[in-house]
Amino acid sequence: MVPFKRREVNEISVDRRNVLDRKGVKFVQTVALRVDPDEKIVYTEKGEMPYDQLVIATGPKVNFDVAPGVREHACYIGTPTGAMEAREKLEEFKKDPGPIVIGATQEAGCMGAAYEFLFNMEKWLREQDIRKKVDLYWVTPETYLGHFGIDGMPLGESMLKGFMKMFHIHYRTNVAIKEVTKDGVYLSNGEFIVSKFKMLMPPFRGVDFVTNSPKLEALPNGFIDVLPSYRHKKYPNVWVAGLAVQVAPPFEKGAVPFAVPKTGYPSDETGKIVAENIVRTIKGETKLKEKTWGEIPGVCIMDAGKKEVIILSNHLFKPRSIAIMLPNVIWDFGKVLLEKYFLWKLRNGYAQLP
Ligand SMILES: Cc1cc2nc3c(=O)[nH]c(=O)nc-3n(C[C@H](O)[C@H](O)[C@H](O)COP(=O)(O)OP(=O)(O)OC[C@H]3O[C@@H](n4cnc5c(N)ncnc54)[C@H](O)[C@@H]3O)c2cc1C
């Protein structure tokens, strides 16, 4: 929404200090450098912090080095700075429009956000009255449209194919990015797509704090494998929540590798499971709450450019007994409502709510 000026960064940023103060949480804004789990000390830019229980919820580091030129020539909309850069580039682009490439690179898992950007772009081009001057391309490592790293949803592929046809979007599945240059994108299928604007979702890795802490025994991708209680396999007082958790793909790999999506709802759920389990541990209880990532329900509304697709399932991964994709091509009322609800919840610290 920020690249297309539908939201300003300050409208979707929430200062958590007030809420943390109210809840009696001492907040220290600093960078955690590494942890020694034997000594039970986190080393930070503001000194050493000893702990009894440690929660690692450090999210991702973006791997812009996945292919040459991704860092230099493609936009990334996952940070406020990246979103604002994309906005500036689009202002320039408007003056001299041409082909656009949007997509996800090999090994990426956050395809949903890139699909959202694609459909928002299509809508924006029409609003700017330049749609006819733009060839719009979608490139993805997915084996089929709407795989999303969860092996799809019922009718998802045909729905997305319908959207691509309806909005005249060219697409390539099962492709990796070989190189991005100022003038276009080289794909693993040998194709070069000329483009004046590119937005690619690269893969995520674990952050430096994790990779600089060898005793955590993170996987080569920097994510940490945990028990179904989100407890560290070796250190019982270390817990991991959100994107930092290692999640193995529950599907057959295609020719081009890609990963599972680690979206907001499961990130939130794993945080709650960890909080509950720390309380149980402190109380001396031995039975912990357990739910693997794939067993968490799928709850998501895909923004499709002032339209939306509601995605609901009882489990994120197959087997599922409930799995629904509901398009709303008239307006994005649900997504906007969810956004307002989520910001209200964050501003007030109502963590007990879903
Ligand atoms: C463009 C985009 C769109 C998305 N859209 C959706 C969507 O519509 N719906 C949805 O469900 N999900 C969406 N997601 C995914 C969602 O953002 C993530 O699932 C969620 O933010 C993960 O939460 P987290 O707490 O694990 O990590 P984060 O939200 O990344 O939080 C990690 C925090 O740790 C801090 N940190 C990291 N390292 C250190 C360190 N060394 N020291 C101190 N602090 C550190 C970071 O600064 C950050 O504040 C989207 C993601 C992207 C990139």
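Each reported figure results from applying straightforward, stated rules to the coordinates on display, with no laboratory input. Since we're looking at a predicted model, the values are computed, not measured. Ideal geometry is used to build each Cβ from the backbone, glycine not excepted, and the neighbour counts take in all protein chains shown.
Values computed for the structure shown
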{"item": "DSSP-defined antiparallel bridges as percent of all bridges, the chain, nearest 5", "result": "65 percent"}
{"item": "DSSP-defined antiparallel bridges as percent of all bridges, segment 84-201, nearest 5", "result": "35 percent"}
{"item": "For segment 320-354 and segment 128-202, distance of Cα centres in Å", "result": "26 Å"}
{"item": "Integer Hz, Karplus 6.51/-1.76/1.60 couplings in order for segment 228-237, x for Gly and Pro", "result": "x, 8, 6, 8, 4, 5, 10, 10, x, 9"}
{"item": "Set of lysines near LYS233 by C-alpha distance (under 18 Å), chain-local residues within fewer than 8 positions excluded", "result": "LYS40, LYS215, LYS287, LYS289, LYS291"}
{"item": "Where labels lie 7 Å past Cα in the beta-carbon direction, separation of VAL28 and THR81 in nm", "result": "2.5 nm"}
{"item": "Aspartates and glutamates with Cα under 16 Å of LYS272, excluding same-chain neighbours fewer than 8 positions away", "result": "GLU290, GLU295"}
{"item": "Out-of-range pairs (alpha-carbon distance over 31 Å; input LYS23/LYS318; LYS133/LYS340; LYS89/LYS178)", "result": "LYS23/LYS318; LYS133/LYS340"}
{"item": "Size of charge dipole - segment 1-294 - debye, nearest 20, with Cβ of Lys, Arg +1 and Asp, Glu -1, no other charges", "result": "560 debye"}
{"item": "Ordering of 283-291, 302-310 by burial proxy (mean other Cβ atoms within 10 Å per residue, highest first)", "result": "302-310, 283-291"}
{"item": "Extreme residue, positive dipole direction of segment 36-147, given options PRO141, VAL66, GLY109 (C-beta unit charges)", "result": "PRO141"}
{"item": "Equivalent-ellipsoid semi-axes of the chain, from the Cα gyration tensor, Å, largest first", "result": "36, 22, 21"}
{"item": "Efficiency of FRET between ILE324 and LYS46 - r from beta-carbon atoms, R0 35 angstrom, step 0.05", "result": "0.15"}
{"item": "Karplus-derived HN-Hα couplings along segment 253-261 (A = 6.51, B = -1.76, C = 1.60, θ = phi - 60°), whole Hz, x at Gly and Pro", "result": "6, x, 5, 10, x, 8, 10, 8, x"}
